[in-house]
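What follows is a set of notes on a single structure, which appears directly below.
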Amino acid sequence: MTSFFPLTSCGSWCVRDSRKGCSVSDASGFIPYARQTIDSDDIAAVTAALRSDLITTGPVVRTFETEMCDFLHVPYGVAVSNGTAALHAAVYAAGVGDGDEVIVSPLTFAASANCVLYQRGTPIFADVDADTLLLKPTAVESKISKHTKAVIAVDYAGQPCDYTALRALCDRYHLTLIADCAHSPGAAFQNKSSAQWADIATYSFHPVKHLTSGEGGMVVTRSETLARRMRQFRNHGIDSDHLNRAAAGTFEYRMVTLGYNYRICDFQCALASSQLKKLAHWIERRRQIAAMYDDAFNSDERMAPLRVHHDAFHVYHLYVIRLATRYTAVDRRALFDQLRASGIGVNVHYLPVYRHDYYQQHFKGCSNNCPNADAAYDRIISIPMYSALSDQQVMRVISAVQKGLDSLSV
Ligand SMILES: *Cc1c(COP(=O)(O)O)cnc(C)c1O
């Protein structure tokens with residue numbers, strides 16, 4: 001699958017990034033699993049925003065919303081304080097309330113399910129596909145009840161879900177399809193962004209993600225009604241902001257629903273907007289790195305590589321290696337420890353959400369119903385993946401993984 005966005009935004013940044021833009025660890029140092037890239041253009045953009053009259057709810061928030069919408073080919077965007085606030089706004093806008101059920105992927109960060117609890121709904125976990133670790137449409141269908149309101153699909157590791165099947169399912173049962181795209185800005189399924197398939201897509205701009213605003217997030221949608229609800233929700237449930245009131249020459253405002261303060265600052269959006277200009281090239285670099293890892297690991301019989309759907313344009317937030325089925329959680333632990341000891345910042349994404357203590361205590365019934373997620377968790381490791389990794393660092397990671405595999409007993 002080729003890129004669905006044009007690679008037109010290459011300026012001089014790409015060159016500067018790799019030379020002096022950021023302090024990347026050298027060949028002998030610790031290599032983290034993810035890190036941000038900040039260059040002098042980013043710093044200049046933030047500085048300019050700090051010198052302006054409005055440092056929050058000013059013009060740069062709207063500029064960044066428009067730029068993200070253009071990038072994703074959807075009309076409406078609402079920038080918020082973080083990716084979790086984006087999920088909360090999405091679940092609110094979908095009308096989820098007391099007793100409603102929302103079907104969620106278990107192999108994700110807890111926020112993807114916590115947002116349902118914030119609205120007093122019940123998250124129902126449906127299993128992932130064993131090959132891709134993406135929410136499995138047939139498993140979703142088996143969990144639909146008369147209480148189901150929405151589905152939260154997660155573009156795990158940066159691969160878009162099977163959106164033809166999920167879209168058809170949600171249309172048939174009148175469910176709101178929410179795509180948690182924290183891992184997948186720029187991803188596409190059949191040449192359409194995840195945001196174009198979903199009713200609402202949510203993004204995170206935390207520093208480990210593709211682009212950052214420090215903390216930040218966004219909800220995007222094709223529905224003007226959903227966009228209006230989420231814009232109110234971001235600002236205490238008030239139906240206008242200070243810019244609208246100034247334009248209308250009035251001091252009056254009405255609080256029409258219970259919302260939150262989920263606003264984001266202008267200088268944060270200035271950073272994210274500057275980062276967005278480089279995103280297409282960063283994605284190309286992530287895909288190059290993934291291809292190097294694929295070459296090294298895909299034909300190794302000790303590995304069970306995750307599959308990439310032929311209709312998917314994968315943007316590799318994470319690169320996840322998976323041990324073959326004969327290995328156990330003990331082997332995974334041994335490999336993990338050895339990689340950490342050799343200065344490779346590995347991680348594991350994720351413990352299935354229902355196995356967290358809080359979920360075990362409050363939702364006893366939901367354990368052991370997602371065998372693919374449980375089985376995957378025991379054998380996966382996320383290895384370093386970010387655009388500023390040098391080829392030399394990638395080679396160092398590959399040889400450390402191979403050495404680690406050699407030392408496993410089976
Ligand atoms: C990072 C992340 C979030 C939460 O985003 P924050 O900006 O940290 O609140 C939600 N879902 C997934 C899958 C994530 O990776």
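For segment 177-282, what is the charge dipole size about the Cα centre, in debye to the nearest 20, if Lys and Arg each add +1 at the Cβ and Asp and Glu each add -1 at the Cβ?
160
What distance in nm separates the two pseudo spin-label positions at Thr164 and Ala48, each 7 Å out from Cα along the beta-carbon direction?
Output for this residue pair reads 4.3 nm.
Choose one answer from Gln119, Gln392, Gln232: the residue with the largest mean-square fluctuation in a GNM of the chain with alpha-carbon springs under 10 Å.
Of Gln119, Gln392, Gln232, the Gaussian network model singles out Gln392 as fluctuating most.
Mind checking the dipole of segment 189-247: about its Cα centre, +1 per Lys or Arg Cβ, -1 per Asp or Glu Cβ, Debye to the nearest 20?
It works out to roughly 80 debye.
Express in Å², to the nearest 10, the accessible area of Arg307 obtained by rolling a 1.4 Å probe over the protein heavy atoms while all chains stay in place.
My reading of the accessible area for Arg307 is about 110 Å².
Have a look at Phe363, Phe64, Phe267 and tell me which one the Gaussian network model of the chain (Cα, springs below 10 Å) gives the largest fluctuation.
Phe363
Report the residue, chosen from Asn244, Asn235, Asn261, that carries the largest GNM mean-square fluctuation when the chain is represented by alpha-carbon nodes joined by springs under 10 Å.
Asn244
Given H placed 1.01 Å from N in the peptide plane, which residues other than close sequence neighbours of Thr148 have an amide H under 5 Å from its amide H?
Glu101
So what J values fall out for segment 114-130 if you push phi through Karplus, 6.51 cos²θ - 1.76 cosθ + 1.60 with θ = phi - 60°, rounded to Hz, Gly and Pro as x?
Listing the rounded values in order: 4, 4, 5, 5, 4, 9, 6, x, 10, x, 10, 8, 10, 6, 9, 5, 5 Hz.
Return the long-range amide H neighbours of Tyr76 (sequence gap of 5 or more, or a different chain), with a cut-off of under 5 Å between placed amide H atoms.
Hits under the 5 Å cutoff: Thr221.
Of the lysine pairs in the chain, how many meet both conditions: Cα atoms under 29 Å apart, and a spacing of 8 or more in sequence or different chains?
20
Residues of segment 212-336: accessible area per residue at 1.4 Å, in Å²?
Using a 1.4 Å probe on heavy atoms only, each residue of segment 212-336 averages 45 Å².
Got the relative contact order for segment 131-181 handy, in percent, Cα pairs under 8 Å and 6 or more residues apart?
Value for segment 131-181: 44 percent.
Using a simple charge model, +1 on the beta-carbon of Lys and Arg, -1 on the beta-carbon of Asp and Glu, nothing else, what dipole does the chain show about its Cα centre, in debye to the nearest 20?
It works out to roughly 260 debye.
Give a residue-ordered list of calculated ³J(HN,Hα) values for segment 305-311 (Karplus: 6.51 cos²θ - 1.76 cosθ + 1.60, θ = phi - 60°; whole Hz; x for Gly, Pro).
My calculation for segment 305-311 gives x, 5, 8, 10, 5, 5, 8 Hz in order.
Is the shape of segment 261-410 rounded, prolate or oblate, going by the alpha carbon gyration tensor and its root eigenvalues a ≥ b ≥ c, with a/c under 1.5 for rounded and a/b larger than b/c for prolate?
Since a/c reaches 1.5 but b/c is at least a/b, the shape of segment 261-410 is classed as oblate.
Using only helices, what value at 222 nm comes out for the chain when you add -39,500 (n - 2.57) per DSSP H run of length 4 or more and divide by the total residues, to the nearest 500 deg cm²/dmol?
-12000 deg cm²/dmol
Classify the chain: rounded, prolate or oblate, from the alpha-carbon gyration tensor (a ≥ b ≥ c, eigenvalue square roots; a/c under 1.5 rounded; otherwise prolate if a/b is larger than b/c)?
oblate
Where does each of 92-102, 39-49, 246-256 land if you order them by average Cβ count within 10 Å, highest first?
Top to bottom by mean Cβ count within 10 Å: 92-102, 39-49, 246-256.
Please report the carbon-and-sulfur percent of the accessible area for segment 124-228; probe 1.4 Å, protein heavy atoms only, DNA, RNA and ligands left out.
For segment 124-228, the apolar C and S fraction of the accessible surface comes to 50 percent.
The values are calculated or read from the model by the stated rules, or taken from the named source; none is laboratory data. Model, not experiment: these values are computed from the prediction. Quick reminder, even Gly has a Cβ in these numbers, built from the backbone with ideal geometry, and neighbours come from all protein chains shown. Remember, those area values only see protein heavy atoms, side chains included, never the ligands or the DNA or RNA. Shrake-Rupley method; radii C 1.70, N 1.55, O 1.52, S 1.80 Å.
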